[in-house]
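Enquirer: Structure below; questions to follow.
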Ligand SMILES: Nc1ncnc2c1ncn2[C@@H]1O[C@H](COP(=O)(O)OP(=O)(O)OP(=O)(O)O)[C@@H](O)[C@H]1O
Ligand SMILES: [Mg+2]
C-alpha cells in the first residue's frame, strides 16, 4: 500500500526553484491500477520516480507498505528497489551490449540468484511477454515494442508487488502499444499494483482510476464512468500538444 | 553476487564497448611501453659509456701532454705544454722500474687508398708493444716488427673494416696500401673489437711510430701508454712518471691517467645520466598516468546512465563499485601486459639495430610503469562510477 502525505519536490535551477510537486496527498491500495495524467511538465514523472524510490521528496512523507521511505538507509532502499518495485521507462533503458535474455537476467545476477534458476526464470519471463524467439537478440535487433516487452519482463522477473510505468507506450505504435498494455493488464489481474503515467486517454481508460495533475498538484481524481469521458489525444501524437486534462461532464 | 558473475559482467562490458576499451588499452599500452623503452634507452646509453672504459685494463697508465689543474677536467686544456717525444718514451721505459711494457702513440686522420678504393682512417704510429698493452689480437698476418723505433719500415697493420672495404673479397696481407702519399705493405689485419676509448679499432691503420711521424711530418707523440707490472701501486708509478717527465721538461706539464681516475671523473657524467634517466622515466610515467586517467574518466563517466539503471534495478552501491573495479582491473592488467610486450619488443628492435647499446629497461622502471598503469587505471575507472552510484538513480539515469 502506498501513502503520500504533503509530498513536495522542488529542483534548484540556477538561483530559482522549480516546484515539480506541491503538497501531493494520495493513497493507492494493493492491486489497484492507477493512471496518472496531465500536461507536460505537470510533475507526473517526478511523482512516479518518487513512488519508485528513484528520487526522494524534498518534504512530506512517502509510506510504502507502512514504512517511511525517507527513513530507509541506502541498503534498505536497494532492497526495496530490487524486490518490491518494478519500473518501466519510456525509453526502455535496456543494456545495449546484452541480449534480451541477459537483460532480463540482470537484476537476478546482482541479486545473487544461482545461474540455472536465473536462466529458467528469465526464460519464463521472456516467454510471458511472447519473445521466446527473440531471447538471443540484442536490443538494437529488436523493434520498439519488443524492447519494451523485454523491459517489462525485466521489471517483473524479481516478482515485485508494485509496477511503475512512465509512458510505456509513448514511443510505440498502437499495435505494439496495445500488446504492452495487455501484458500490463494481465499482470494487474494477477494482483500486481500498477501505476501508469500516460498522455493517452485510451491507456488511462484501462485503469481503475486516474489522477490528473497540473503544476505539480493532483487536481482531479476520476474513477469508473468518469474515465470514459476523458478527451484528448490519440496515441502517436506528440505529448503535451493537446490539453488532456479537460474533462467533459 | 558471485565473483564469476562479476567477472563475466565486467568482461561483457569491456567487449560491449570495443572502442572505449580499445582506446583505454592503447593509452595504457603506449604509456607503459614508452616508459620501458625510454628507460631502456637511457640505461643503454649509460651502459655503453661504462663499457667504453671498463675494459681499459686495470694496470694501464696513459700519459698525455698538458697539466690538469683539477681532477675531472679534461687533460690537454692547460697552456702550451712541451711535446711528448720519443726520448721521453725511451726514458720512461729505461728509468721506471714498475713499467712492464709501454707503447708510444702518434696519431692523425688521413686518407688511405687501394686502387680506386679510398677512405679516411685514423692512423696510429706505435711499436709492437701496442698489441699487448691494448689487449688486441691479429686476425691475419703479423703485427709491427721489433727494431729501432727511429727507423720506421713501410709496413701497416689494418683494422677489420678497413681491410674489408679497401680489399673486398681479398686477403690484404702482402698487398700494398697507400697512406697519404706513402706506399705501405700490409703485414697484418687486426681482429674486430668495436669501439674502445672512442677509437674504433676496426677502422684503424697501425704503422711503426717513426713511419707515422714521417707521414704526419711531426715529431711529437699523442700519448704514451704504459702497462705497469702486476702488484705495483699505480699511483706511485704515475707519480714516478710525472716526476721523471717534469725533470726532463723543466716543469710539470704532463698528466697521467689511470682507469680509476677516468672512471671516477666519469662518475659525475654517469650520475647525470642516471638523473636524466630518472627524469625521463618520471615524465613518461606522468604522461602515461594522465593519459590513462583521461581515458578512464571519460569512458566511465559516459556510463553514468548505466549506473543509474543498475541502481534502479536494485543493484547496491558496493556492487556497482565492485563491477567497475573488476572492469578497470582487467583493463589495466591487459593494458599493462600490452605495454610490456610492445615495450620489450621495441627494446629488442633497438638492440637488433644497435648491438653495442646494452639497452634493457631497469626493473624498477618496469615495476613502476605497471604499478602506475594499474593504480591509475583502477582509481580513475572506479572514481566516476562511485560518483555516479552516489546520485539518485533518476539523476544518474538522466545523464548521457
Ligand atoms: N532534474 C530536474 N531539474 C530541474 N527541473 C526538473 C528536473 N526534473 C524535472 N524538472 C521540472 O519539474 C517539472 C515536472 O517535470 P516532470 O518530468 O515530472 O514532468 P512530466 O509531467 O513528466 O512531463 P512530461 O509529460 O513532459 O514527461 C518540470 O517543470 C521540469 O522542468
Ligand atoms: Mg514525464
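Enquirer: State yes or no: is residue B:399 modelled with pLDDT of 90 or more and within 14 Å of another protein chain (Cβ to nearest Cβ)? Break it down stepwise before answering.
Expert: Values: modelled with pLDDT of 90 or more: no; within 14 Å of another protein chain (Cβ to nearest Cβ): yes.
When the stated conditions are applied, residue B:399 does not pass them.
Enquirer: Given the condition modelled with pLDDT of 75 or more and more than 14 Å from chain A (Cβ to nearest Cβ), answer yes or no: does some residue in segment B:73-82 qualify? Quick ask: steps written out before the conclusion?
Expert: To start, the set of residues in segment B:73-82 that are modelled with pLDDT of 75 or more comprises B:82.
So of that shortlist, the ones also more than 14 Å from chain A (Cβ to nearest Cβ) come out as B:82.
Yes - at least one qualifying residue is present in segment B:73-82.
Enquirer: Taking the condition assigned by TED's automatic domain parsing to the domain that holds residue B:41, under 29 Å from residue B:2 (Cα atoms) and in contact (Cβ under 8 Å) with a residue 24 or more places away in the chain, does residue B:340 pass? If you could, list the steps in order and put the result at the bottom.
Expert: Details: assigned by TED's automatic domain parsing to the domain that holds residue B:41: yes; under 29 Å from residue B:2 (Cα atoms): no; in contact (Cβ under 8 Å) with a residue 24 or more places away in the chain: yes.
No: the conditions fail for residue B:340.
Residue-wise test of (1) in a helix (DSSP H, G or I); (2) surrounded by 14 or more Cβ atoms within 10 Å (Cβ to Cβ); (3) in contact (Cβ under 8 Å) with a residue 24 or more places away in the chain.
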| site | (1), (2), (3) |
| --- | --- |
| B:188 | no, yes, yes |
| B:213 | yes, yes, yes |
| B:226 | no, yes, yes |
| B:231 | no, no, no |
| B:237 | yes, yes, yes |
| B:243 | yes, no, no |
| B:260 | yes, no, yes |
| B:272 | yes, no, no |
| B:279 | yes, no, no |
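Enquirer: Now, a different point. Could you check segment A:1-115 for helices (runs of 4 or more DSSP H) lying wholly inside it with 2 or more residues that are within 16 Å of ligand 1 (Cβ to nearest atom) and under 20 Å from residue B:305 (Cβ atoms)? Walk me through it before giving the result.
Expert: On the way: elements: A:44-51, A:74-83, A:100-111.
Filter on segment A:1-115 gives A:44-51.
Enquirer: May I pose another question? Of the residues A:17, A:74, which is more than 25 Å from residue A:190 (Cβ to Cβ), surrounded by fewer than 21 Cβ atoms within 10 Å (Cβ to Cβ) and within 9 Å of chain B (Cβ to nearest Cβ)? So that I can check it myself, show each step before the final result.
Expert: Working: A:17 fails: within 9 Å of chain B (Cβ to nearest Cβ).
It is A:74.
Enquirer: Condition (residue is assigned by TED's automatic domain parsing to the domain that holds residue B:143 and at pLDDT 85 or above) applied to segment B:193-200: is it met by at least one residue? Steps first, please.
Expert: Kept after step one, since they are assigned by TED's automatic domain parsing to the domain that holds residue B:143, are these residues of segment B:193-200: B:193-200.
From the residues that got through so far, the ones that are at pLDDT 85 or above too are none.
So far as segment B:193-200 goes, no, none of its residues is assigned by TED's automatic domain parsing to the domain that holds residue B:143 and at pLDDT 85 or above.
Enquirer: From the list B:389, B:373, which one is more than 27 Å from the chain's Cα centre (by Cα), within 14 Å of another protein chain (Cβ to nearest Cβ) and part of a helix (DSSP H, G or I)?
Expert: Working: B:373 fails: within 14 Å of another protein chain (Cβ to nearest Cβ).
Answer to the selection: B:389.
Enquirer: Shifting gears a bit: Look at residue B:323 and say whether it is within 23 Å of residue B:23 (Cα to Cα) and either within 14 Å of chain A (Cβ to nearest Cβ) or crowded, with 18+ Cβ neighbours inside 10 Å (or both). Spell out how you get there, then give the answer.
Expert: Values: within 23 Å of residue B:23 (Cα to Cα): yes; either within 14 Å of chain A (Cβ to nearest Cβ) or crowded, with 18+ Cβ neighbours inside 10 Å (or both): yes.
Considered against the rule, which asks whether it is within 23 Å of residue B:23 (Cα to Cα) and either within 14 Å of chain A (Cβ to nearest Cβ) or crowded, with 18+ Cβ neighbours inside 10 Å (or both), residue B:323 comes out as yes.
Enquirer: Now for a different question. Given the residues A:93, A:128, which is the only one that is within 16 Å of ligand 2 (Cβ to nearest atom) and at pLDDT below 95?
Expert: On the way: A:128 fails: within 16 Å of ligand 2 (Cβ to nearest atom).
The match here is A:93.
Enquirer: Which of the strands (runs of 3 or more DSSP E) contained wholly in segment B:76-180 include at least 2 residues that are surrounded by fewer than 18 Cβ atoms within 10 Å (Cβ to Cβ) and in the same structural domain as residue B:224 (by TED's automatic domain parsing)?
Expert: Numbers: elements: B:99-114, B:117-126, B:138-141, B:155-158, B:176-179.
Result: B:99-114, B:117-126, B:138-141, B:176-179.
Enquirer: Exactly one of these conditions fails for residue B:315: (1) within 14 Å of chain A (Cβ to nearest Cβ); (2) surrounded by 21 or more Cβ atoms within 10 Å (Cβ to Cβ); (3) assigned to a helix (DSSP H, G or I). Give me its number.
Expert: Among (1) within 14 Å of chain A (Cβ to nearest Cβ); (2) surrounded by 21 or more Cβ atoms within 10 Å (Cβ to Cβ); (3) assigned to a helix (DSSP H, G or I), the lone unmet condition for residue B:315 is (3).
Enquirer: Within segment B:11-27, track down each residue that is buried (at least 17 other Cβ atoms within 10 Å of the Cβ) and within 12 Å of chain A (Cβ to nearest Cβ).
Expert: Correct list: B:13, B:14, B:17, B:20, B:21.
Enquirer: Out of curiosity, is residue B:258 more than 30 Å from residue B:336 (Cβ to Cβ), outside the structural domain of residue B:372 (by TED's automatic domain parsing) and modelled with pLDDT under 85?
Expert: Values: more than 30 Å from residue B:336 (Cβ to Cβ): yes; outside the structural domain of residue B:372 (by TED's automatic domain parsing): yes; modelled with pLDDT under 85: yes.
So residue B:258 fits the description; yes.
Enquirer: Provide a single number: the residues in segment A:165-184 that are within 16 Å of ligand 1 (Cβ to nearest atom) and closer than 18 Å to residue A:142 by Cα. Write out each step before concluding.
Expert: Of all residues in segment A:165-184, those within 16 Å of ligand 1 (Cβ to nearest atom) come to A:165-172.
With closer than 18 Å to residue A:142 by Cα added as a condition, the list becomes A:168-172.
Going through segment A:165-184 one residue at a time, the tally reaches 5.
Enquirer: Within segment A:185-195, can you find the residues that are closer than 13 Å to residue A:161 by Cα and free of Cβ contacts under 8 Å to residues at least 40 places away in the same chain? Reasoning before the result, please.
Expert: Restricting attention to segment A:185-195, the residues satisfying the condition of being closer than 13 Å to residue A:161 by Cα are A:187-195.
Listed by number, the residues that qualify are A:187, A:189, A:190.
Enquirer: Of the conditions (1) at pLDDT 90 or above; (2) crowded, with 18+ Cβ neighbours inside 10 Å, residue A:208 fails just one. Which one is it?
Expert: Condition not satisfied by residue A:208: (2).
Enquirer: Quick one: what pairs do we get from segment B:118-134, first residue within 15 Å of residue B:62 (Cα to Cα), second in a helix (DSSP H, G or I), C-beta under 6 Å, 6+ apart or different chains?
Expert: Correct list of pairs: B:126/B:209.
Enquirer: Residues of segment B:269-311 being modelled with pLDDT under 85 and within 14 Å of chain A (Cβ to nearest Cβ), which ones?
Expert: Correct list: B:299, B:302.
Enquirer: Same structure again: Which one of A:74, A:5 is more than 16 Å from ligand 2 (Cβ to nearest atom) and within 24 Å of residue A:215 (Cβ to Cβ)?
Expert: Values: A:74 fails: within 24 Å of residue A:215 (Cβ to Cβ).
Step by step, each of A:74, A:5 is checked, and only A:5 is more than 16 Å from ligand 2 (Cβ to nearest atom) and within 24 Å of residue A:215 (Cβ to Cβ).
Enquirer: Looking at the structure I just gave you, is residue A:162 away from chain B (no Cβ under 14 Å), away from ligand 2 (no atom under 16 Å from the Cβ) and modelled with pLDDT of 95 or more? First the steps, then the outcome.
Expert: Details: away from chain B (no Cβ under 14 Å): no; away from ligand 2 (no atom under 16 Å from the Cβ): yes; modelled with pLDDT of 95 or more: yes.
It is false that residue A:162 is away from chain B (no Cβ under 14 Å), away from ligand 2 (no atom under 16 Å from the Cβ) and modelled with pLDDT of 95 or more.
Enquirer: What number of residues within segment A:165-184 satisfy the criterion of being away from chain B (no Cβ under 14 Å) and within 16 Å of ligand 2 (Cβ to nearest atom)?
Expert: Let us first name the residues in segment A:165-184 that are away from chain B (no Cβ under 14 Å), namely A:167-184.
Next cut, within 16 Å of ligand 2 (Cβ to nearest atom) only: A:167-172.
Total satisfying the criteria: 6.
Enquirer: What number goes with the only condition from (1) away from ligand 2 (no atom under 16 Å from the Cβ); (2) touching a helix residue (DSSP H, G or I) at 6+ places or on another chain (Cβ under 8 Å) that residue A:193 does not pass?
Expert: (2)
The values are calculated or read from the model by the stated rules, or taken from the named source; none is laboratory data. These numbers come from a predicted model, not from an experiment. Reconstructed Cβ throughout: ideal geometry from the backbone, glycine too, with neighbour counts over all protein chains shown.
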